[in-house]
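Have a look at the structure below, then the notes.
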Amino acid sequence: MRALSSLSLAVLVMVSLTASSQTMAASRVAQTPPMGWNSWNYFAGRVDDKGIRAAADQIVATGMKDAGYIYVNIDDTWEGERDASGVLHTNAKFPDMKALADYVHSKGLKIGIYSSPGPKTCAGYEGSLGHEEQDAKMYAEWGIDYLKYDLCSFIPEVMQKQASGDPAAQMQLMQAAYAKMDKALKATGRPIVYSLCQYGWDAVWEWAPSVGGNLWRTTGDIEPRWDRIYAIVSQQAGLEKYAASGHWNDPDMLEVGNGRLKLEENRTHFSLWAMLAAPLLAGNDLPNMKPEIKAILTNRDVIAIDQDPLGKQGTRTYSDGEVEVWTRHLTGGALAIAVINVGDNRYSTHPFHLSLRRLGLSGKQTGKDLWTGKTVELTDNEPLELASHDVLLVRIAVPK
Ligand code: GLA
């Protein structure tokens, strides 16, 4: 009897230790902004099992994995129908999600999935409304490591139906829906990154961490056009105080290598996402990635800015006309400076005089130009000339 009770005590201790280590593991995800790839920006509804495997293969083959890209995220359009017991099945594009997750894991990568708190996803596929626990359990059984939860149909089908004309009540319904899925994910005991996608409404940055969000979209959808990217960037200034380890502002997935973005626009886009401590989720066609795009996405110095352990998001320190100067404080007292010509031609910076004083620096500064790899010296009122939409990104190890 005594032997039995000490045995059951030992089992109890083991169970509670496992449970608490699982909670701790869940709270340890996204200590730095998540890095990986997501299917939506390039493939949208054309994503399938084969494409996800190819993306995983390429992340390894291109060196992106070694550079820190770990999550391979399936966005919308994987969902099939629910059966009589409410179990959601995949559609024909994804014959066996568990096998796919195993494949991605076998490469040393992690896998992400997508759903909506509403009855339907943004692309009109099956959402999780009323099946949150069931779905979360299934994700955990498949081995899912990341969930993007996209509001969409929850707006008309729940918020507007249940609280018509009452924005405060609508917001509460939305927050409750995000909290519900967070609880369901935590109950699985599996560490799953929780990504909120509700387009930056209702000051999401103020409450997302309280509903378990590790990252939250701050705007509507990105597009592979400079104007859209720059509009998103402009909407990030001021949000820096909400970012911290485990909780990140998400200005949306990367468009590097997509559309007709010029090389310098790709470079500036990537530099700014690093300055913003943004999640770095590439969204391009990896099997057909051009070498110059790979060089941007795998620039270790720029990635180090994004992943800086201090976790302090950068800010727009000042702008003069069509030139913006962003700074980010880094671990060990280092400083990243990004000077961007947001104008449509080079005459915006012909030349531009960089004021070190306005950055709180005095005297000559020595740093590394992170796109040329060369050492640069900056003096106060340094004349700089940049091509349209290009960036000068400098890391100063010991600012004076
Ligand atoms: C919304 C999101 C996008 C993408 C699509 C999928 O528009 O903001 O990032 O997930 O839905 O339908």
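The values are calculated or read from the model by the stated rules, or taken from the named source; none is laboratory data. This one's a predicted model, so the numbers in the text were calculated from it and none came from an experiment. Ideal geometry is used to build each Cβ from the backbone, glycine not excepted, and the neighbour counts take in all protein chains shown. We work out accessible area using only protein heavy atoms, side chains counted, and drop any ligands, DNA or RNA first. Shrake-Rupley method; radii C 1.70, N 1.55, O 1.52, S 1.80 Å.
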query = Which whole-Hz ³J(HN,Hα) couplings does region 361-366 yield from phi under the Karplus relation 6.51 cos²θ - 1.76 cosθ + 1.60, θ = phi - 60°, glycine and proline marked x?
reply = 10, 10, x, 5, 10, 10
task = Using Cα centres only, tell me the gap between region 109-133 and region 291-324 in whole Å.
result = 32 Å
note = Around Ala177 (Cβ within 12 Å, Cβ-to-Cβ, excluding Ala177; K/R +1, D/E -1) the net charge comes to -2
ask   = Pick from Asp102, Asp344, Asp306: which is most flexible by mean-square fluctuation in a GNM of the chain where alpha carbon atoms under 10 Å apart are linked?
value = Asp344
note = Simple SL model, points at 7 angstrom along Cα→Cβ for Ser245 and Asp369; separation in nm is 3.5 nm
ask   = When ranked by the protection proxy of mean other Cβ atoms within 10 Å per residue, highest first, what sequence do the peptides 86-94, 135-143, 329-337, 148-156 form?
value = 148-156, 135-143, 329-337, 86-94
remark   = Per DSSP, the loop-located trypsin sites (Lys or Arg not before Pro) within region 256-324 having at most 11 other beta carbons within 10 Å are Arg260
note = Counting every C-alpha pair in region 20-118, the percent lying more than 23 Å apart is 32 percent
query = Once you sort the root eigenvalues of the Cα gyration tensor of region 352-400 as a ≥ b ≥ c, which label holds: rounded (a/c under 1.5), prolate (a/b larger than b/c) or oblate (the other case)?
reply = oblate
key: Gap separating the Cα centres of region 69-88 and region 158-213, nearest whole Å   = 19 Å
query = What FRET efficiency, computed as 1/(1 + (r/R0)^6) with R0 = 22 Å and r the Cβ-Cβ distance, is obtained for Ser85 and Lys161, rounded to the nearest 0.05?
reply = 0.25
message = If you roll a 1.4 angstrom probe over the protein chains with everything in place, what fraction of the accessible area of region 70-148 belongs to carbon and sulfur, to the nearest %?
response = 54 percent
task = With label points built 7 Å along Cα→Cβ from the Cα atoms of Gln172 and Asp221, find their separation and express it in nm.
result = 3.2 nm
task = Whenever you get a sec, line up His389, His353 from highest to lowest accessible area (probe 1.4 Å, protein heavy atoms).
result = His353, His389
ask   = By its C-alpha gyration tensor, with a ≥ b ≥ c as the square roots of the eigenvalues, how is region 286-377 shaped: rounded for a/c under 1.5, else prolate for a/b larger than b/c, else oblate?
value = oblate
task = Could you pull the Rg and Dmax for region 201-243, using just the Cα atoms, both in Å?
result = 11.5, 34
task = For the chain, just say rounded, prolate or oblate: build the C-alpha gyration tensor, square-root its eigenvalues into a ≥ b ≥ c, call rounded for a/c under 1.5, and beyond that prolate if a/b exceeds b/c, oblate if not.
result = prolate
request  = Please report, in whole Å, how far the alpha carbons of region 216-305 spread along each principal axis, starting with the longest.
outcome  = 36, 26, 20
ask   = Once Rh is set to the Kirkwood radius over Cα pairs, what Stokes-Einstein translational diffusion coefficient, in µm²/s, holds for region 158-307 at a temperature of 4 °C and a viscosity of 1.567 mPa s?
value = 77 µm²/s
